[in-house]
Amino acid sequence: MKKIALFVIVIILAGWLQAADENLNCFTIVTGKDTTVDGSVLLAHNEDDQGRLLVNIYKVPPRGHRRGDIFTMKSGTVLPQTTSIPGLLWLEIPECDFADAYISEYGVTVTSNSCPSREDKPELSAGGIGFSLRRLVAERAHTAREGVRIAGELISQYGYNASGRTYIIADAREGWLLHAVNGKHWVAKRVPDNEVAVIANRYTIAAVDLNDRENFQGAADIIEYAVRRGWFDPQKDGEFDFARVYSNPNNFTDIKNVLRQWQGTNLLAAKARKLEKPLPFSFKPQRRIRLNDLFRVLRDHYEGSKYDSSNHYKNGSPNSGKNRTICTETTQYAFVAQMRGWLPAEIASLVWISLRRPDSNAFSPWYVSMGTAPDGYSRENADSALKNHFSPLPAQALEDAGHAFNTYAKISEVVDRQYKYRIEKTQKVWRNFEDFLFGDVKNHEKEFIFLLKGNKPVARKIIDNYIHGLEYRKWFLATELLKEFRK
């Protein structure tokens, strides 16, 4: 009987620890267009999720809908379909509610970070909305601003059915952070053109001014509701601070969240922040930001600081140290979306993707306008993937050598076993590959611009073949690395 009781306690504790760690999932950076070397808006994201998972990449083709067509949410609630949807690049983790990312051919990028709220009496209608929210935004938004409005309307109508989350929505003009609270409350703030926003797993919007419609959107009663619940007293508390008022208090002050936001900020900011001081929603960078600046942040483990619990890898892999790092053992994929409004639509939205942990794998480019994803990067077609998203994955899917993600997952696993001795070789291979890509993509885009002025169908085919070729080259380099480590 004692053994059974002990077993039950262990199971409960394990579940509690996993649930607690799920509040520490993901890390994101958004740049204003005036902070980058080329004037693009950049959205950089690490997707962190527990367990041995699989990442698929799909190209969802654009399509029209007939009158009467419907969109069915996970809850079973149906919505009328829009007249048409754009093509989408979809990064999918099967069986997960909140792990997918979308980039549309309109140039709208949608991803998210877990940000638990204090709400314990959520108002939900028809089961609320969660998993389907980002898909609906990606399908229906022509701009990031419109995406925020659509998301807000859906949250206001149905209620958000998870504790809390920040949706990061960006296009070639601007980026927004939308804080969703369990239930029907939300607020969103625009990232200034000359600043950068960094977010880990806690709300970051402080002051709110819904009269400033250029920079804020949100539920009209966001302050009144907090007063009603006893979370905020204007007489005692002074200026309303959304993040402090609506956050789960323990999560908001958790050093694992604060530390990652602080580190990401200080790696990019013109002015270093002290850890014990409040961190800003956004800040001015120390210099114009390049793609590889964001790659570096997404790969960070506090190297060179007192928070590096691996002692520069002497204590093993930094991905599993006591201080949760930006790149961590649960990072399933990373990307930097590069949105450039001045280029032809076919090459304006470029997404640099690294599968599994970016410290041991490379970023490579994907044009959102591609007709198809390369073979080996998904298990099925996009329609069946959406239908079967919550169906259990067969065990063999995680060992399938014909799926590219499993190769990159194996690289991360093998490097972590002897991190100190293997990471330098690994990063040298990928650094050379990425340096090659920066120049090669730039040169090819001159050719693509010329070709797109003439025969667009031929140009699109050439663009597809180019990206597919780069992906297969990266996959080959990964297999060669594995062979070398097995010697």
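The table below gives the values:
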read-out: Sparsely packed trypsin sites (Lys or Arg not before Pro) within region 434-482, loop by DSSP, other Cβ within 10 Å at most 12; value: K453
read-out: Entries in K420/K474; K121/K236; K442/K474; K410/K474 that, when Cα-Cα distance is taken, lie over 20 Å; value: K420/K474; K121/K236
read-out: Kirkwood-type radius of region 2-415, with distances r between different C-alpha atoms, in Å; value: 21.8
read-out: Q50/Y421 FRET efficiency (R0 30 Å; Cβ-Cβ; nearest 0.05); value: 0.65
read-out: Kyte-Doolittle at least -1.0, axis length at least 24 Å by Cα - qualifying DSSP helices, the chain; value: 2-22, 419-452, 456-485
read-out: Simple spin-label estimate for R486 and K236 in nanometres, 7 Å along Cα-Cβ; value: 6.4
read-out: Intensity falloff of region 297-420 expressed as log10 I(q)/I(0), Debye formula with alpha-carbon point scatterers, at q = 0.19, 0.22 Å⁻¹; value: -1.10, -1.23
read-out: Reach of K456 by Cα under 15 Å, taken over aspartates and glutamates that are not fewer than 8 positions away in the same chain; value: E346, E445, E447, D464
read-out: Distance in nm between pseudo-label sites at R288 and K461 (7 Å out along the Cβ direction from Cα); value: 3.8
read-out: Mean Cβ count within 10 Å, highest first, over the residues of peptides 286-297, 63-74, 185-196, 355-366; value: 355-366, 185-196, 286-297, 63-74
read-out: Net length gained if the chain between A397 and I255 were fully extended (0.36 nm per residue, minus Cα distance); value: 47.5 nm
read-out: Protection-proxy order for peptides 139-147, 233-241, each taking the mean of Cβ atoms within 10 Å per residue, highest first; value: 139-147, 233-241
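Quick note: the coordinates plus some simple rules give every number you see, no bench work behind them. Here the structure is a predicted model, which is why all the values come from computation and not from measurement. As a convention, Cβ positions derive from the backbone with ideal geometry for all residues, glycine included, and neighbour counts pool all protein chains shown.
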